[in-house]
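Encoded as structure tokens, the structure appears first; notes follow it.
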Amino acid sequence: MSDSTLFTEGKIASRLVRFAIPVLGALFLQSFYGAVDLLVVGQFGTAADVSAVATGTMMMQTITFIITGLAMGTTIQMAQAIGAGRKKDAADIIGTSIIFFVLLALAVTLLMIFVTRPFAALMQTPVEAFDKTLIYVHICSAGTIFITGYNVLGSVFRGMGDSKTPLLTVLVACIINIFGDLLFVAVLNMAAAGAALATVIAQALSVLFCLIVVKRRGLPFPFSRRNIHWNGNLIRLVIKTGAPISLQDGLVTISFLVIAAIINSLGLIASAGVGVAERVCGFIMLVPSAFSQSLSAFVAQNVGAEKYDRANKALIYSILASLACGIFMGWAAFFHGDILSAVFSKDKAVIQAAHSYLKAYAIDCLFVSFLFCFIGYFNGYGRTAFVMIQGIVGAFFVRIPVSYAMSLTANPSLFRIGLATPCSTVLQIILCVGAFIILQRRNRKTLIVQ
């Protein structure tokens with residue numbers, strides 16, 4: 001495949017940026033893809049519809065992040081195999097991952113049938129939005145096989161150093177979703193159910209497009225049906241690498257669901273406001289997220305080739321680029337969050353609530369420039385257990401307790417509740433810096449021994 005890239009040679013900054021730009025584009029389109037549901041529903045529906053889509057999206061994101069985390073196991077193991085020149089192993093990793101993730105998708109689809117209602121109740125979903133939330137989640141969960149398919153295929157391409165194909169795939173999904181939302185929500189007045197239906201159709205067609213691209217372009221190493229078989233050793237390797245990322249992403253997302261439940265208890269306007277703010281946050285955090293994903297593949301290939309200095313330099317470049325963008329996005333969110341929120345809602349009360357919450361996220365824009373890049377770096381090294389630990393510590397020892405404490409204050413504001421997020425990020429950065437120092441010492445000892 002001509003778009004595949006070997007990261008172990010040549011200039012670091014230019015290769016990393018060229019790889020990160022399509023990743024950024026794909027993440028932007030993914031955020032826009034999800035935001036379209038809320039945007040259209042916000043313009044043609046009620047506050048209850050907005051709350052339903054916002055709450056339902058958070059629930060589905062929990063599933064998506066768990067699958068994405070596991071798929072990172074495929075990305076990292078395949079990238080390290082490519083960096084070490086083991087192309088047959090890379091092909092076998094793809095083949096066995098296909099079987100594993102198909103079975104996982106089927107299991108998740110069945111599970112969502114039974115857990116959606118108690119999950120929505122646990123989140124204290126407003127009464128006005130409860131039934132709409134159930135409908136939205138049930139329709140979306142029917143498309144879990146397509147969510148899984150997209151993420152696995154994307155992980156394969158990124159592991160090969162190809163970030164353009166996932167961009168094209170999500171572009172197709174985004175375009176289809178826009179037209180679907182306009183048809184089902186704006187024309188047919190199906191509200192939350194229409195937004196969910198448009199999402200599932202878009203996901204299915206995007207996976208079909210991706211498979212057509214694979215068939216026409218091929219892979220940069222021999223791959224056939226013989227590679228598609230159950231290999232217990234490779235599955236354990238992928239799970240060992242991806243499960244900590246998946247668990248961390250899942251638990252961190254659950255921590256945000258807990259915070260959403262705390263905020264939902266404050267009423268419909270607060271619930272809708274935070275739903276809008278989370279959509280805006282999805283955009284303002286795009287650059288560090290893009291470099292985090294890009295670093296995972298870049299670092300993994302160089303670790304496989306034992307070129308640790310290149311991995312370290314890539315981390316520095318990523319932090320600097322993320323920080324430069326983070327300063328601008330933080331300014332926009334803090335001082336003009338009302339304008340950004342008005343894109344997703346016409347309700348002035350909802351816009352005001354969203355802006356209050358965004359002011360706290362504006363502070364976090366500076367800190368995540370460091371945290372997200374560290375996470376991508378450690379994932380590329382295969383140190384996913386540490387990534388899981390630092391994420392859980394931040395979520396359950398800082399983010400949730402601080403949010404709950406702020407909600408108990410007199411006249412609680414969404415800004416004060418939102419401050420829990422940057423507080424958590426600061427602690428996680430401290431843990432990452434300590435782990436980075438320890439890792440460098442181990443690398444120096446390894447090189448001395450060799």
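The values are calculated or read from the model by the stated rules, or taken from the named source; none is laboratory data. This is a predicted model, so every value here is computed, not measured. Cβ sites come from the backbone with ideal geometry, for glycine too, and all protein chains shown count toward neighbours. Just the protein is used for accessible areas: all its heavy atoms, side chains included, with ligands, DNA and RNA removed. Shrake-Rupley method; radii C 1.70, N 1.55, O 1.52, S 1.80 Å.
In Å², what does the accessible area per residue of the chain work out to with a 1.4 Å probe?
Details: 18390 Å² over 450 residues.
Per-residue value: 41 Å².
With contacts defined as alpha carbon pairs under 8 Å and 6 or more residues apart, what's the relative contact order of the stretch 324-450 in percent?
Details: 116 pairs, mean separation 34.2, N = 127.
Relative contact order of the stretch 324-450: 27 percent.
Only helical DSSP H runs with n ≥ 4 go in: add -39500 (n - 2.57) per run for the chain, normalise by residue count and round the 222 nm mean residue ellipticity to 500 deg cm²/dmol. Can you show the working numbers first?
Values: 16 runs with 373 residues, N = 450.
After summing the helix terms and dividing by the residues of the chain, the value is -29000 deg cm²/dmol.
Provide the gained length on full extension for the span L408 to K240, in nm with one decimal, where the gain is 0.36 nm per separating residue minus the Cα-Cα distance.
Gain on stretching L408 to K240: 56.5 nm.
Can you tell which of A54, F32, L110 lies farthest toward the positive end of the dipole of the stretch 1-132, using +1 and -1 charges on the Cβ of basic and acidic side chains (Lys, Arg; Asp, Glu)?
Highest projection toward the positive end goes to F32.
Where a ≥ b ≥ c are the square roots of the eigenvalues of the C-alpha gyration tensor, would you call the stretch 356-397 rounded, which needs a/c under 1.5, or, failing that, prolate if a/b is larger than b/c, or oblate? Spell out each step's value before the answer.
Working: a/c = 4.45, a/b = 1.73, b/c = 2.57.
Since a/c reaches 1.5 but b/c is at least a/b, the shape of the stretch 356-397 is classed as oblate.
Expressed as a fraction of 2.2 N^0.38 Å, the rule-of-thumb size for a compact globular protein of N residues, what is the C-alpha radius of gyration of the stretch 203-359? Display every interim value, and only then the final one.
Numbers: Rg = 21.1 Å, N = 157, 2.2 N^0.38 = 15.0 Å.
That ratio works out to 1.40.
Measure out, as a whole number of angstrom, how far apart the alpha-carbon centroids of the stretch 33-74 and the stretch 322-357 sit.
19
Work out, step by step, the length gained on full extension between A13 and I392: first 0.36 nm times the residue separation, then minus their alpha carbon distance; give nm to one decimal. Let's see the in-between values first.
Values: separation 379, 0.36 × 379 = 136.44 nm, distance 3.14 nm.
My answer for the length gained is 133.3 nm.
What's the ranking of 258-270, 230-242 by average number of surrounding C-beta atoms within 10 Å, highest first? Spell out each step's value before the answer.
Numbers: 258-270: 20.1, 230-242: 16.7.
Going by the mean number of other Cβ atoms within 10 Å, highest first, we get 258-270, 230-242.
Cα to Cα, under 22 Å, and not fewer than 8 places away if on the same chain: which lysines meet these conditions relative to K348?
Partners found: K359.
If the only charges are +1 at each Lys and Arg Cβ and -1 at each Asp and Glu Cβ, what is the size of the charge dipole of the stretch 7-148 around the Cα centre, to the nearest 20 debye?
On the way: 8 positive and 7 negative charges, 118 e Å.
That gives the stretch 7-148 a dipole magnitude of about 560 debye.
Roughly how big is the chain's charge dipole about its Cα centre, with Cβ charges of +1 (Lys, Arg) and -1 (Asp, Glu), in debye to the nearest 20?
Numbers: 31 positive and 17 negative charges, 323 e Å.
Here the chain has a charge dipole of around 1560 debye.
Tell me the relative contact order for the chain as a rounded percent, counting alpha carbon contacts under 8 Å between residues six or more apart. Intermediate results must be reported in sequence, preceding the final value.
Working: 754 pairs, mean separation 106.1, N = 450.
Once divided by the residue count of the chain, the mean separation gives 24 percent.
Using a 1.4 Å probe on the protein chains only, how many percent of the accessible area of the chain belongs to carbon and sulfur?
Working: 12970 of 18390 Å².
Heavy-atom surface of the chain belonging to carbon and sulfur, 1.4 Å probe: 71 percent.
Tell me the relative contact order for the stretch 1-131 as a rounded percent, counting alpha carbon contacts under 8 Å between residues six or more apart. Write out the running numbers ahead of the final one.
Details: 34 pairs, mean separation 31.4, N = 131.
Computed over the stretch 1-131, the figure is 24 percent.
Using the basic label-point model (7 angstrom from Cα toward the beta carbon), what is the A186 to A84 distance in nanometres?
For the pair A186/A84, the computed spacing is 5.2 nm.
Please sort through the DSSP H helices of the chain and keep those with an alpha-carbon extent of at least 30 Å along the long axis and a Kyte-Doolittle average not below -1.0.
Working: long enough: 12-44 (47 Å, 1.39); 47-83 (51 Å, 1.04); 87-122 (48 Å, 1.60); 191-217 (39 Å, 1.57); 232-264 (44 Å, 1.31); 308-341 (44 Å, 0.81); 348-381 (46 Å, 0.95); 420-449 (44 Å, 0.96).
The qualifying helices are 12-44, 47-83, 87-122, 191-217, 232-264, 308-341, 348-381, 420-449.
Which FRET efficiency value, to the nearest 0.05, is calculated for L122 and A385 with the Förster distance at 25 angstrom and r the Cβ-Cβ distance?
For L122 and A385, the calculated efficiency is 0.35.
Separation between the R442 and D309 pseudo-spin-labels, each 7 Å from Cα along Cα→Cβ, expressed in nm?
For R442 paired with D309, the spin-label model returns 2.2 nm.
Treat each spin label as a single point 7 Å out from the Cα along the C-beta direction, and report the F334 to L106 distance in nm.
For F334 paired with L106, the spin-label model returns 5.2 nm.
So which of K88/K164; K164/K313; K11/K87; K87/K307; K87/K215 end up more than 21 Å apart by C-alpha? Each step should come with its number before you reach the end.
Working: K88/K164 24 Å; K164/K313 23 Å; K11/K87 24 Å; K87/K307 19 Å; K87/K215 19 Å.
Cα-Cα > 21 Å for K88/K164; K164/K313; K11/K87; rest within.
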